[in-house]
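**Q** Quick one: structure below, then a few questions.
What follows is calculated from the coordinates using simple rules that are stated; it is not laboratory data. From a predicted model like this one, the values you see are computed outputs, not experimental measurements. No Cβ is skipped: glycine too gets one built from the backbone with ideal geometry, and neighbour counts run over all protein chains shown.
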Amino acid sequence: MSKIILEPYICPLDETIYKVCGADEAGRGPLMGNVVAACVLLDPNREIEGLNDSKKITEKKRDALEPLIKQYALGYGIGQCTPEEIDSMNILNASLEAMKRAYLNMAISCNLMLVDGNKVVKNLGIACEAVVKGDARVRQIAAASILAKVERDRQMYELDAKYPEYQFAKHKGYPTKAHLELLQNLPVLDCYRKSYGPVKKILQQRNPVDPLDAQELWG
């Protein structure tokens, strides 16, 4: 199988004149925890070696790059949405909302936001452009993906210390076989996304709807 070569991204604005930030999220697929986004405005005159899609570099490398990004960026912000918000607005909208919050928390007015994927963040007050595979093509988005991933992993380690029996540090909330087997015999914590299929199924198994209640519910 031949390797897919991604076309380099060409920014429509001169980054030495205009402020162009990048945004990305971490945690769309897991069954639990916040979806965490980051927004980063890099210094066009300062190169940070090793920036890449956070999924393509090791945890050790991400942890080493995080303080460098925060030190050398012109600005950065973190935004997130809770499991309750994810259940309420769905994961796509929650991811976009988290990116919007990350931009607002950066507290720097930019001219353009570049977002990983094929959906744009709305109602930002600035132009926004979606870049497919942007975390591998745009250094601002790569930097944001690293900050988001490191922050979310940090939250997983904190939850792991609080609830070691769930092994959050190992599976990071993703629906691995081991995670699903553990969840069969453990309570569904508030940090779980109750609208997600595997979690929803477990809750329904444990709390089946009484036929009389269902009749009242649906008339």
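**Q** Looking at the stretch 11-61, which trypsin sites (Lys or Arg not before Pro) are in a loop (DSSP not H, G, I, E or B) and have at most 11 other Cβ atoms within 10 Å? Don't jump to the answer; show the numbers that get you there.
**A** Numbers: sites: LYS19, ARG28, ARG46, LYS55, LYS56, LYS60, LYS61; in loops: LYS19, ARG28, ARG46.
Those that pass, being in a loop and sparsely packed, are ARG46.
**Q** While we're looking at this one, here's another question. At 222 nm, what value in deg cm²/dmol follows for the chain if DSSP H runs of at least 4 each add -39500 (n - 2.57) and the sum is divided by all its residues, to the nearest 500?
**A** On the way: 9 runs with 94 residues, N = 219.
Theoretical 222 nm ellipticity from helices: -13000 deg cm²/dmol.
**Q** Taking the inverse of the average 1/r across all pairs of different Cα atoms in the stretch 85-186, what Kirkwood radius in Å do you get?
**A** Values: mean 1/r = 0.0640 Å⁻¹.
So the Kirkwood estimate lands at 15.6 Å.
**Q** Also, quick follow-up: So what are the ³J(HN,Hα) numbers for the stretch 32-46, from phi and the Karplus equation (6.51, -1.76, 1.60; θ = phi - 60°), rounded to whole Hz, Gly and Pro as x?
**A** Karplus-based 3J(HN,Hα) across the stretch 32-46 equals 8, x, 6, 8, 10, 10, 9, 10, 9, 10, 7, 7, x, 9, 10 Hz.
**Q** Taking the highest mean first, how do the peptides 79-92, 164-177 order by number of other beta carbon atoms within 10 angstrom per residue? Present the calculation step by step, with values, prior to reporting the outcome.
**A** On the way: 79-92: 18.4, 164-177: 16.1.
Ranking, from highest mean packing down: 79-92, 164-177.
**Q** Over the Cα atoms of the stretch 20-161, compute the convex hull volume and normalise it per residue, giving Å³.
**A** Values: hull volume 14.4 nm³, N = 142.
In the stretch 20-161, the Cα hull volume divided by residue count equals 101 Å³.
**Q** In debye to the nearest 20, how big a dipole does the chain give about its Cα centre with +1 on each Lys and Arg Cβ and -1 on each Asp and Glu Cβ?
**A** On the way: 29 positive and 29 negative charges, 92 e Å.
Around 440 debye, computed over the chain.
**Q** To continue, here is another question. How do ILE48, ILE17, ILE146 rank when sorted from fewest to most other Cβ atoms within 10 Å of their own Cβ?
**A** Values: ILE48 17, ILE17 9, ILE146 30.
Least crowded to most crowded, the residues run ILE17, ILE48, ILE146.
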